[in-house]
Structures are given as structure tokens and as C-alpha cells.
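In what follows, a single structure is set out as C-alpha cells and then discussed.
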Amino acid sequence: MSQAQNYLKLEALLHRLQPVTDPSYQAALYLLSTDTELTDIAAKYIDSDGIDFTRIKRSTQGFDERTQQLIDVAHNLFSWNSVCLVTPFDLSRLCYPMLDQFCKALYISAGQITVQIQGRDTALPHMELDDGPYQKTVRFNDMLQQMQKAACTPQEPEL
């Protein structure tokens, strides 16, 4: 299954009428949908009450360390106060594509990127990440830097 299909499967378990828009849920579902085996296990512990990460972690104890780190980060991005043992050093060793997925999940949880599924009702849905809010922040920051440069540049007196 594709990540989009995995995401839709997990999203449907939340029993929401609309697609999930909460950044914490989007980030968690995004990470939990990166692998079909992980999606299948997580699906057992997602319902209208939320995501039971404690049970997901127990069920995936035999998985490789990187998958367990992914779950730990997903849990922390979801609940904010969960203990996360994944360090920046750990993240730096993940490499592509997992490091890329973690970075995107950070932006998703911050509301800078949103998960959008195109073709939800088709056999082959497609996941797109809308980085419009992130791009707006970049443009705003660039504008501020330009204004700071202009304010710090000595002006020649007009004759």
C-alpha cells in the first residue's frame, strides 16, 4: 500500500467526517503511515478517542531501532509532553528517506505544512504536502531581513 492509502486507513479509524486538520494528528498519522506493517499495527490502537501510543510501542518492541524512534517522535509530536528518547544525534543518523520524513513531520506539527490526500475516493490516492504556510513564513522572514539590511546601510545625503 502507498503512504496515502496507509494515511487514509488510519484517518478513517478516527471516525471524523472531515479530513484530519489538527497538526498533531496529521504529524502522527504521517509518520505512522510511512510503513504498511507499522500502519497495520497502529490501526489496532486508533479510534475515535485518539491514538494509543503506549499500546503501539508495546506491539512494536521487536521492530528495528529506527522504527521505534519514528514511533517515539510521532508520539511526542502528537502529545507534546510524552518522553522522547530520540536525540538530535539519533536523527542525524537516519539518512534518506527517514530523516526527510521526520523533518516534514516537524513542519506538519508546527502547522507549516499540511497533509492533503488527492483522489481520496479512488483506488490510488496520492499524498501531497502543502507547504504554503511555510513558504509564506520564508517570504516574510526574507522581507524582514531586507528591511534590516536597508535600515543598517548608510544612506548618502541628498543634494
- Starting from residues that are among the charged types (D, E, K, R) and within 19 Å of GLN5 (Cα to Cα), keep the ones in segment 42-87 and report whichever is modelled with the highest pLDDT. LYS44
- Condition set surrounded by 14 or more Cβ atoms within 10 Å (Cβ to Cβ) and not in a helix (DSSP H, G or I), scope segment 2-35, selection modelled with the lowest pLDDT: answer is PRO19
- Item | Answer residue from segment 103-159, given it is among the hydroxyl-bearing types (Ser, Thr, Tyr) and in contact (Cβ under 8 Å) with a residue 24 or more places away in the chain and is nearest to GLU11 (Cα to Cα) among those | THR114
- Item | Selection within segment 12-26 - in contact (Cβ under 8 Å) with a residue 60 or more places away in the chain and more than 13 Å from the chain's Cα centre (by Cα) | PRO19
- Task: Give me a count of the residues in segment 90-139 that are buried (at least 16 other Cβ atoms within 10 Å of the Cβ) and among the basic types (Lys, Arg).
- Result: 1
- Item | Filtered residues of segment 63-82 (kept if under 21 Å from ILE41 (Cβ atoms) and free of Cβ contacts under 8 Å to residues at least 12 places away in the same chain) | ASP64, GLU65, GLN68, ASN76
- Failed condition for LYS57, given (1) basic (Lys, Arg); (2) touching a helix residue (DSSP H, G or I) at 6+ places or on another chain (Cβ under 7 Å); (3) closer than 22 Å to LEU8 by Cβ: (3)
- Task: Return yes or no: is LEU38 more than 20 Å from TYR107 (Cβ to Cβ) and either touching a Pro at 6+ places or on another chain (Cβ under 9 Å) or at pLDDT 95 or above (or both)?
- Result: yes
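The values are calculated or read from the model by the stated rules, or taken from the named source; none is laboratory data. Values in this document were obtained by computation on a predicted structure and should not be read as measured data. Ideal geometry is used to build each Cβ from the backbone, glycine not excepted, and the neighbour counts take in all protein chains shown.
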